[in-house]
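What follows is one structure encoded as structure tokens, with my remarks underneath.
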Amino acid sequence: LNYLLFPLSPGDLEIPSIKVTRDRETAFTQPVVIHVTRQAVPDGSGTGKQVFARADVSQADLFTGQPAVYTLKFFSSAKLSGLEFEKPPEFRGFIVKQFKKQKNYSMTINGIIYGVTQVNYMIIPESAGRFTIDPAVLIANIVVSNRQHSPGFDSFFNDSFFNDPFFSSGMSKPVRVVSNPVTVKVCALPAYNGKIK
């Protein structure tokens, strides 16, 4: 049995000994201690990471009813076997429409080649105020293999971003990827005074 664990607090977290019984025989697992450090707030830079996500908007200052484009980019320098949302971006205070076609391309950052998958959403604010679009959370399965090969960038240009299997079969390890939050300031439309300049 395999379990995917996400720590909820920092510190030394212990998984206690587990009792297992089969055919009237009983065994106990060894307790496991996991040291968890406090995670820094993601800045979206992803410098030096195999996988990371970055979010931004085409314009951060809007009027009510004025459309803008929210862009979520997933970067990977590793070969993946799967990718899915744990928590998609939430657009509270906006009317949202996702663009049907995603963009796939490669990009070099600090000498590292990343495959990039970009998803765009049109967002339209419904009221004035200051709104924060919370980070998107994804689970990426990084292929772990004894076979030596270079990452195949055909993997980054699959027909669908979230298909499973994504690129490759084999042993993999899940990695939780969190994008950065995005803040948008929305102003009310000025009152119409009946005059046209």
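The values are calculated or read from the model by the stated rules, or taken from the named source; none is laboratory data. Since we're looking at a predicted model, the values are computed, not measured. For neighbour counting, all protein chains shown are included, and Cβ atoms are generated from backbone atoms with ideal geometry for every residue, glycine included. With ligands, DNA and RNA removed, areas are computed over all heavy atoms of the protein, side chains included. Shrake-Rupley method; radii C 1.70, N 1.55, O 1.52, S 1.80 Å.
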remark   = The correct count of residues that are of a type outside the set (Asp, Glu) and either at pLDDT 90 or above or in a loop (DSSP other than H, G, I, E, B) (or both) in the range 148-160 is 7
query = When the range 161-197 is examined, which residues are found to be within 20 Å of Tyr70 (Cβ to Cβ) and at pLDDT below 60?
reply = Phe161, Phe162
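Filter the range 18-43 down to residues that are under 27 Å from the mean Cα position of the chain (by Cα) and in a loop (DSSP other than H, G, I, E, B) and give me whichever is modelled with the highest pLDDT.
The extreme case among them is Thr37.
Among the residues of the range 121-133, is there at least one that is farther than 30 Å from Phe63 by Cα, at pLDDT 90 or above, surrounded by 13 or more Cβ atoms within 10 Å (Cβ to Cβ) and in contact with a Pro (Cβ under 6 Å, 6 or more places away or on another chain)?
Checked against the condition, which is being farther than 30 Å from Phe63 by Cα, at pLDDT 90 or above, surrounded by 13 or more Cβ atoms within 10 Å (Cβ to Cβ) and in contact with a Pro (Cβ under 6 Å, 6 or more places away or on another chain), the range 121-133 yields no hits at all.
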query = Within the range 1-17, which residues are open to solvent by less than 100 Å² (accessible area, probe 1.4 Å) and within 33 Å of the chain's Cα centre (by Cα)?
reply = Leu4, Phe6, Pro7, Ser9, Pro10, Gly11, Leu13, Ile15, Pro16
note = Restricting the range 62-105 to residues that are among the charged types (D, E, K, R) and closer than 13 Å to Ser179 by Cβ, the one surrounded by the most Cβ atoms within 10 Å (Cβ to Cβ) turns out to be Lys73
